[in-house]
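The values are calculated or read from the model by the stated rules, or taken from the named source; none is laboratory data. Here the structure is a predicted model, which means the values were calculated and not measured. For neighbour counting, all protein chains shown are included, and Cβ atoms are generated from backbone atoms with ideal geometry for every residue, glycine included. Please note that ligands, DNA and RNA were not included when accessible areas were found on the heavy atoms of the full protein model with its side chains. Shrake-Rupley method; radii C 1.70, N 1.55, O 1.52, S 1.80 Å.
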Amino acid sequence: MVILGLGSNLGDKLANLRKALTLIKKIPGIIVQQISPVYLSNALLPDNAPPEWDMPHLNLAIRCETTLKPLELLKHLKDIEWGIGRKPEIRHWGPRIVDIDILAWDNEIIKSEALTVPHESLQFRPFALWPLADVAPFWVFPLEGPHYGQTAAQIAEQWGSRFSGTAPLQTIQIYHRIEAPQLVGIVNVTPDSFSDGGKFFYPEKAFNHFSHLIHSGAEIIDIGAESTAPSAMPLDADSEWARLEPVLALVKEAKQQFFIQPKISVDTRRPQVAMKALAYGVDWINDVSGLDDPAMRDIVVQTKVDCVLMHHLSIPERRDHILPRDQNPIDLVYAWGENRLNELEQQGIPREKIIFDPGIGFGKMAEQSLLLLKHADVFQQLGARVLIGHSRKTFFSLLSGMPYAERDVETMAMSLYLAKHAVDYIRAHNVEMCARGLRVTAAME
């Protein structure tokens, strides 16, 4: 058993950790068995460290089995660090894009010029020992001293709760996970969305909800100002922008204050609105019309934004306009996606910029939506990332009598299923509930 510790405090920290995990899995002779939750902590610094070094870290641990020797594995890990962008000249205590350490190698003690395992201060560092205890609670500390012979779980008890923030360096477990689908939080700046219309219609309330979603584990925030519910009134571009612009202004001003800075998605089908939103630094355009408009395609070609491409039959959604009942909805949606992606590639939009959304509830009867969800992993074969937006949707009426706004339990249960079926993003109203569920299921793997 080998335990690796991963950390990052520069750039897109979660993306750096995900890249490292992907590359570790590709090392010949290594099998990743379990991944810990992510922990946030203040920087551990020497006296007289430069102020710019004082940047919080994200840390986690990975439990592996390997046929490699310690120095062989170390060489692979250093290659991964440099490949992701860590500079060899960065001093030991300085900020780094990624740091990969061997925390434990069974119960062995390794001391050489190149490698020391375990670190002599491991038992005093919750940012390293808590993740280790999450994946190997019965690992026995082998070094002489007051903690000799204790398990990782025993040593970790000295700091109390992982969620209080009172441990050394204010170490705390956060909702984000690097091996689960990324969570997309929803901010509806509308009076008529189907489950939360009016709750976040005013800019200050929308921004407060934006902040709450980030702290709850969302990595992308999808902000929309026009409802696509069947009963909603369509907006013109000026009215949509009048709702959206004040919220984007607040987000742009405050985005830098978040240690984990979210990507911002704008949910719009209008090129005029998308173009204006780009000036506010948005990262995604979520186009529920599936890039039907050539002008929207031009925007995606000419900019760096990614685009969510959603299957649909009509916008706003119409209950009487659905996929044929006598045909397989998986085949129909897949064929639409393949054809549309081919069109976009010919126009200069690579699949790497596209996130495919099968459009749960849009032009589908409840049974068709449920079948699409059961086979969501099929859409990975399109060669694009996959997003599922099932939160509180109508198809849950097959499974629950709860009203739309009270379907978060059902949404979370479906999210846990989707997390095991090759989905990259899950779009949800109640991000915290989904994050808590994903945390528990990951601990059971």
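Quick check on the stretch 369-385: of everything there that is in contact (Cβ under 8 Å) with a residue 12 or more places away in the chain and closer than 21 Å to ASP408 by Cα, which residue is most open to solvent (accessible area, probe 1.4 Å)?
So, considering only residues that are in contact (Cβ under 8 Å) with a residue 12 or more places away in the chain and closer than 21 Å to ASP408 by Cα, the one most open to solvent (accessible area, probe 1.4 Å) is LEU371.
Please specify each residue of the stretch 152-164 satisfying the condition of being open to solvent by 20 Å² or more (accessible area, probe 1.4 Å) and either more than 27 Å from LYS25 (Cβ to Cβ) or small (Gly, Ala, Ser) (or both).
In the first step, residues of the stretch 152-164 are kept if they are open to solvent by 20 Å² or more (accessible area, probe 1.4 Å); the result is 153-154, 157-164.
Correct list: ALA153, GLN154, GLU157, GLN158, TRP159, GLY160, SER161, PHE163, SER164.
May I ask you to say which residue of ILE264, ILE285 is crowded, with 19+ Cβ neighbours inside 10 Å, within 22 Å of the chain's Cα centre (by Cα) and within 30 Å of ASN59 (Cβ to Cβ)?
On the way: ILE285 fails: within 30 Å of ASN59 (Cβ to Cβ).
On inspection, the qualifying residue turns out to be ILE264.
Scanning the stretch 165-180 for residues that are out of contact with any helix residue (DSSP H, G or I) (no Cβ under 7 Å at 6 or more places or on another chain) and of a type in the set (Val, Ile, Thr), which turns out surrounded by the fewest Cβ atoms within 10 Å (Cβ to Cβ)?
THR166
Among the residues in the stretch 289-309, are any part of a loop (DSSP other than H, G, I, E, B), surrounded by fewer than 15 Cβ atoms within 10 Å (Cβ to Cβ) and among the polar types (S, T, N, Q)?
No, the conditions are met nowhere in the stretch 289-309.
Which residues, taken from the stretch 395-445, are of a type in the set (S, T, N, Q) and either at pLDDT below 95 or open to solvent by 20 Å² or more (accessible area, probe 1.4 Å) (or both)?
Pass one, the stretch 395-445, residues of a type in the set (S, T, N, Q): 397, 400, 411, 415, 430, 441.
Within the stretch 395-445, SER397, SER400, ASN430, THR441 meet the criteria.
Results for (1) over 20 Å from the mean Cα position of the chain (by Cα); (2) polar (S, T, N, Q); (3) under 20 Å from ILE360 (Cβ atoms), shown as yes or no for each residue.
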residue: VAL189; (1), (2), (3): yes, no, no
residue: HIS212; (1), (2), (3): no, no, no
residue: ALA218; (1), (2), (3): no, no, yes
residue: LEU244; (1), (2), (3): yes, no, no
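Suppose the filter is modelled with pLDDT of 95 or more, part of a helix (DSSP H, G or I) and farther than 20 Å from ILE174 by Cα; does LEU23 pass it? Quick ask: steps written out before the conclusion?
On the way: modelled with pLDDT of 95 or more: yes; part of a helix (DSSP H, G or I): yes; farther than 20 Å from ILE174 by Cα: yes.
Criteria met by LEU23.
Test each condition in (1) surrounded by fewer than 20 Cβ atoms within 10 Å (Cβ to Cβ); (2) over 28 Å from the mean Cα position of the chain (by Cα); (3) touching a residue at least 40 places away in the same chain (Cβ under 8 Å) for GLY94 and report the one that comes out false.
If we test GLY94 against (1) surrounded by fewer than 20 Cβ atoms within 10 Å (Cβ to Cβ); (2) over 28 Å from the mean Cα position of the chain (by Cα); (3) touching a residue at least 40 places away in the same chain (Cβ under 8 Å), just (2) comes out false.
Pick from the stretch 267-282 the residues that are open to solvent by 10 Å² or more (accessible area, probe 1.4 Å) and not in a loop (DSSP other than H, G, I, E, B): which of them is nearest to HIS311 (Cα to Cα)? If you could, list the steps in order and put the result at the bottom.
Going residue by residue through the stretch 267-282, those that are open to solvent by 10 Å² or more (accessible area, probe 1.4 Å) are 267, 269-272, 275-276, 278-282.
Right, trim to not in a loop (DSSP other than H, G, I, E, B) and you get 267, 271-272, 275-276, 278.
On the way: ASP267: 14, PRO271: 18, GLN272: 21, MET275: 22, LYS276: 24, LEU278: 23 Å.
Across the stretch 267-282, the extreme among qualifying residues is ASP267.
For the stretch 397-408: of the residues being in contact (Cβ under 8 Å) with a residue 24 or more places away in the chain and in a helix (DSSP H, G or I), which is nearest to the chain's Cα centre (by Cα)?
ASP408
Can you tell me how many residues in the stretch 229-238 are under 15 Å from ASN188 (Cβ atoms) and open to solvent by less than 70 Å² (accessible area, probe 1.4 Å)? Let's see the steps before the verdict.
Of the stretch 229-238, the ones under 15 Å from ASN188 (Cβ atoms) are 229, 231-233, 235.
This time we only want the ones that are open to solvent by less than 70 Å² (accessible area, probe 1.4 Å), so: 229, 232, 235.
Result for the stretch 229-238: 3.
Here is a list of conditions, (1) open to solvent by 60 Å² or more (accessible area, probe 1.4 Å); (2) more than 21 Å from ALA405 (Cβ to Cβ), and LYS255 meets all of them except one; can you say which number that is?
(1)
Restrict the check to the stretch 252-268 and report whether at least one residue is touching a strand residue (DSSP E or B) at 6+ places or on another chain (Cβ under 6 Å) and polar (S, T, N, Q).
yes
Among ALA49, ALA15, which is at pLDDT 95 or above, open to solvent by less than 50 Å² (accessible area, probe 1.4 Å) and more than 20 Å from PRO118 (Cβ to Cβ)? Step through it out loud before you land on a result.
Numbers: ALA49 fails: at pLDDT 95 or above.
ALA15 is the lone residue from the list that is at pLDDT 95 or above, open to solvent by less than 50 Å² (accessible area, probe 1.4 Å) and more than 20 Å from PRO118 (Cβ to Cβ).
Taking only the stretch 213-256 into account, find how many residues are of a type in the set (Asp, Glu) and in a loop (DSSP other than H, G, I, E, B).
Going through the stretch 213-256, the residues of a type in the set (Asp, Glu) turn out to be 219, 222, 226, 236, 238, 240, 245, 253.
Restricting the remaining residues to those that are in a loop (DSSP other than H, G, I, E, B) gives 226, 236.
Adding up the residues that qualify gives 2.
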